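Trainee: Please read through the structure below; I'll follow up with questions.
The values are calculated or read from the model by the stated rules, or taken from the named source; none is laboratory data. What you see is a predicted model; the values in this text were computed from it and never measured. So basically every Cβ, Gly included, is an ideal-geometry build from the backbone, and we count neighbours across all protein chains shown. Remember, those area values only see protein heavy atoms, side chains included, never the ligands or the DNA or RNA. Shrake-Rupley method; radii C 1.70, N 1.55, O 1.52, S 1.80 Å.
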Amino acid sequence: MSDCRRDLDGLRALIQSCAGFNSEQTMEFYNNQAETYHQMFERGFRNFVGVDCSKEMLEQAAATGLYQKLHQALLGTEPLPAQPGVFDLVVLVGGLGVGFAPVCVVRELCEAAKPGGLICVARGNHTTPEEREFGVHLNREVQLMEEEGLWSRVAVRQVDRYMLDPQLKTKVQGDMVYIPGSLYLYRKSVS
């Protein structure tokens, strides 16, 4: 049990450490994570599978040497190309939103996790009316899934500096303009 708790605390710290990255920092972060593959391996993670709709992103992922399998798929329009109930950890960062993956994808992510596995979702809290409505639907769906007994909440956190605002190219008072974000961490039910 203590090893599981240590891994969960490590995952929380990892998620918190990447809040507020710009795209170059994010790429560097993942490149550095690829270099620490042996540490993840020592903690029991063995099978890394990546899914993206972008062929170029999959090529970059393949270059890291981290992934055993990579699949090209557009979440929400195609089934998640993963076996159900086999992953210790399922992560979706920045893919949920208007024009990207729909809210229903969180059920597919939960289904892909093994019983007791973790599901981590991170998204920017964009301010358009459509994105605010999307956030309301997402929060309703994760709550409904909890009420249905599919998973239990481990942590939900709001961050002020989730990502640089892609619409603004200027600095405000010497600081970049950031979009806040939401980080969701759930554990799939065992039964």
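Trainee: Does E56 count as modelled with pLDDT under 85, under 25 Å from H126 (Cβ atoms), charged (D, E, K, R) and open to solvent by 50 Å² or more (accessible area, probe 1.4 Å)? Step through it out loud before you land on a result.
Mentor: Details: modelled with pLDDT under 85: no; under 25 Å from H126 (Cβ atoms): yes; charged (D, E, K, R): yes; open to solvent by 50 Å² or more (accessible area, probe 1.4 Å): yes.
Here the answer is no, as E56 does not meet what is asked.
Trainee: Let me ask something else about it. If V154 passes every condition in (1) touching a residue at least 60 places away in the same chain (Cβ under 8 Å); (2) open to solvent by 60 Å² or more (accessible area, probe 1.4 Å) but one, which one does it miss?
Mentor: (2)
Trainee: Still on this structure, I have one more. Being out of contact with any Phe, Trp or Tyr (no Cβ under 8 Å at 6 or more places or on another chain) and under 14 Å from G97 (Cα atoms), is that true of even one residue in region 148-169?
Mentor: No, because not a single residue in region 148-169 is out of contact with any Phe, Trp or Tyr (no Cβ under 8 Å at 6 or more places or on another chain) and under 14 Å from G97 (Cα atoms).
Trainee: Considering only region 61-72, how many residues are hydrophobic (A, V, I, L, M, F, W, C) and either in contact with a Phe, Trp or Tyr (Cβ under 7 Å, 6 or more places away or on another chain) or surrounded by 15 or more Cβ atoms within 10 Å (Cβ to Cβ) (or both)?
Mentor: Total meeting the criteria: 3.
Trainee: If you check L92 against the conditions, is it within 27 Å of V156 (Cα to Cα), modelled with pLDDT of 90 or more, outside any loop (DSSP other than H, G, I, E, B) and open to solvent by less than 80 Å² (accessible area, probe 1.4 Å)?
Mentor: Yes.
Trainee: All but one of (1) within 27 Å of G44 (Cα to Cα); (2) outside any helix (DSSP H, G or I) hold for E108, so report the exception by its number.
Mentor: (2)
Trainee: Let me ask you something else. Just a yes or no: is a residue in region 120-137 in contact with a Lys or Arg (Cβ under 9 Å, 6 or more places away or on another chain), open to solvent by 40 Å² or more (accessible area, probe 1.4 Å) and part of a strand (DSSP E or B)?
Mentor: No, because not a single residue in region 120-137 is in contact with a Lys or Arg (Cβ under 9 Å, 6 or more places away or on another chain), open to solvent by 40 Å² or more (accessible area, probe 1.4 Å) and part of a strand (DSSP E or B).
Trainee: Check region 28-39 and report whether any residue there is open to solvent by 70 Å² or more (accessible area, probe 1.4 Å), modelled with pLDDT of 90 or more and acidic (D, E).
Mentor: No, region 28-39 has no match at all.
Trainee: Looking at (1) modelled with pLDDT of 90 or more; (2) within 28 Å of L164 (Cβ to Cβ), which is the only condition L80 fails?
Mentor: Of the numbered conditions (1) modelled with pLDDT of 90 or more; (2) within 28 Å of L164 (Cβ to Cβ), the odd one out for L80 is (2).
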